[in-house]
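A.B. asks: Structure below; questions to follow.
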Amino acid sequence: MPPHHSSPFESAVPETPDASYVFSEQVGHLLRKAYQRHMAIFQQNVGDSQLTAVQFVTLCAVRDHGPSSLTELVKATAVDQATIRGIVERLKARELITLEPDPQDRRKVIVGLSEAGDRLVQQTVPCAGKITELTLSNLNPAERVAVLFLLRKMIDDPQD
């Protein structure tokens with residue numbers, strides 16, 4: 001009987017799938033599903049159909065930290081530099097923010113909150129409270145405290 005020569009494709013496909021790994025039970029998948037649910041709740045309840053969650057967070061960061069550079073907004077919002085530039089452009093087009101050159105470095109831009117932006121944040125904050133409530137609605141008070149504690153713990157860098 002001639003020896004069996006396996007094709008390179010045979011070893012690429014396991015004989016039996018590893019039953020211990022169920023993708024739908026993995027933390028990344030569950031976080032993504034929870035995030036998708038939260039985003040849907042946000043869009044349904046924000047009150048301004050043009051305002052995205054990340055735009056709202058950016059407006060809140062400027063309100064809380066005062067006029068900020070793009071680098072400061074990246075740190076405050078956890079949104080990458082390229083994305084924050086697009087968000088700033090859209091908020092500027094809606095006249096919700098102001099852009100001024102940095103007095104120390106004229107190449108940098110400082111993002112401020114316009115009067116319209118401040119009004120929108122004030123109008124949206126009650127909606128944001130409702131959005132949080134709806135997102136956590138399946139959890140009892142102890143579970144709410146626990147999930148927020150655990151999420152914060154997950155994002156903390158143990159090196160810090």
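Read the figures in this text as sums done on the coordinates, not as results from a lab. This one's a predicted model, so the numbers in the text were calculated from it and none came from an experiment. So basically every Cβ, Gly included, is an ideal-geometry build from the backbone, and we count neighbours across all protein chains shown.
A.B. asks: Taking the range 101-160, which trypsin sites (Lys or Arg not before Pro) meet the DSSP loop condition and have no more than 15 other C-beta atoms within 10 Å?
C.D. replies: Taking the range 101-160 and a limit of 15 other Cβ atoms within 10 Å, the loop trypsin sites (Lys or Arg not before Pro) found are Arg106, Arg107, Lys108.
A.B. asks: Label points 7 Å out from Cα along the Cβ direction at Tyr21 and Val145: separation in nm?
C.D. replies: Output for this residue pair reads 3.8 nm.
A.B. asks: First select every other residue whose beta carbon is under 14 angstrom from the beta carbon of Asn138; then total the charges, Lys and Arg +1, Asp and Glu -1. List each step's numbers first, then the result.
C.D. replies: Numbers: positive: Lys33, Arg37, Arg144; negative: Glu133, Glu143.
Once all neighbours under 14 Å are counted, the net charge is +1.
A.B. asks: Counting only residues 5 or more places away or on other chains, whose amide H sits under 5 Å from the amide H of Ile110 once H atoms are built in the peptide plane?
C.D. replies: The answer is Glu100, Asp102.
A.B. asks: Then there's this: List the longest stretch of the chain that has no exposed loop site; here a site is one of the GluC sites (Glu not before Pro) assigned by DSSP to anything other than H, G, I, E or B, with at most 13 other Cβ within 10 Å. The partial results should precede the final answer.
C.D. replies: Working: sites that count: Glu10, Glu15, Glu95.
Segment 16-94 is the longest.
A.B. asks: Mark the label point 7 Å from the Cα of Arg119 along Cα→Cβ and return the residues of the range 63-87 whose backbone N is within less than 20 Å of it.
C.D. replies: The answer is 63-64, whose backbone nitrogens lie closer than 20 Å to the label point.
A.B. asks: I would also like to ask the following. I want to check a number: in the chain, how many lysine pairs have alpha carbons closer than 30 Å, given a sequence separation of 8 or more or different chains?
C.D. replies: 10
A.B. asks: Helix-only estimate, please: 222 nm mean residue ellipticity of the chain, summing -39500 (n - 2.57) across DSSP H runs of length 4 or more and dividing by its residues, to the nearest 500.
C.D. replies: Taking each H run of at least 4 residues, the total per residue is -18000 deg cm²/dmol.
A.B. asks: Now for a different question. Can you work out the FRET efficiency for the pair Leu30 and Arg152, with r the C-beta to C-beta distance and R0 = 22 Å, to the nearest 0.05?
C.D. replies: Efficiency, from the Cβ-Cβ distance: 0.85.
A.B. asks: Rounded to the nearest 20 Debye, what is the dipole magnitude of the range 74-130 about its Cα centre when Lys and Arg each give +1 and Asp and Glu each give -1 at the C-beta? Don't jump to the answer; show the numbers that get you there.
C.D. replies: Numbers: 10 positive and 8 negative charges, 31 e Å.
For the range 74-130, the charge dipole is close to 160 debye.
A.B. asks: Among Thr135, Val57, Val147, flag the residue with its Cα farthest along the positive direction of the charge dipole of the range 36-160, charges on Cβ as +1 for Lys/Arg and -1 for Asp/Glu.
C.D. replies: Looking along the dipole axis, the top candidate is Thr135.
A.B. asks: Right, another one. Report the normalised scattering of the chain as log10 I(q)/I(0) at q = 0.10, 0.11, 0.15, 0.16 Å⁻¹, calculated by the Debye formula with identical scatterers on the alpha carbons.
C.D. replies: For the chain, the Cα-only Debye profile gives -0.54, -0.62, -0.95, -1.03.
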